[in-house]
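Step one of this worksheet: look at the structure below.
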């Protein structure tokens, strides 16, 4: 019976060790699966980040190219305008701008002249009102003296 008890104890320990090893194997397999998933997810995220970076870099390169093209076109236009102002596409705009500036200057001059004239007329009206008031006072005094 003691031998049987020992044999049963050994068998129980062996079965427990086997069960523990099986649980560890399952845990190891679960961990390996999770590591594989995380590795794929990291690779996918890295690919997306790289594509996004490349997209932004492409947009920046295109913007720089457009800016350089615009500056070159502007430089050519200015050179053409300086070389032959009458033939420049800007000639009509420059002429219209000069005309409008002239009109504004004439209008400002006319406004100043009218304001000066208005000021003069206001002064004349005040003098006439003062003279009329003085004349009324004089007439009122004469009338008062003649009534006495």
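The values are calculated or read from the model by the stated rules, or taken from the named source; none is laboratory data. Note that this is a predicted model, so its numbers are computed, not measured. Cβ placement follows ideal geometry from the backbone for every residue including glycine, while neighbour counts extend to all protein chains displayed.
Summary table
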{"item": "Residue in the range 88-109 that is in contact with a helix residue (DSSP H, G or I) (Cβ under 9 Å, 6 or more places away or on another chain), part of a helix (DSSP H, G or I), without any contact (Cβ under 8 Å) to a residue 40 or more places away in the chain and closer than 30 Å to residue 74 by Cα present", "result": "yes"}
{"item": "Residue match in the range 68-83 (condition: in a helix (DSSP H, G or I) and loosely packed, with under 10 Cβ neighbours inside 10 Å)", "result": "yes"}
{"item": "Candidates 32, 64, 14, filtered to the one that is modelled with pLDDT of 90 or more and either within 30 Å of residue 91 (Cα to Cα) or assigned to a helix (DSSP H, G or I) (or both)", "result": "64"}
{"item": "Check on residue 54, part of a helix (DSSP H, G or I) and either at pLDDT below 85 or touching a strand residue (DSSP E or B) at 6+ places or on another chain (Cβ under 8 Å) (or both)", "result": "no"}
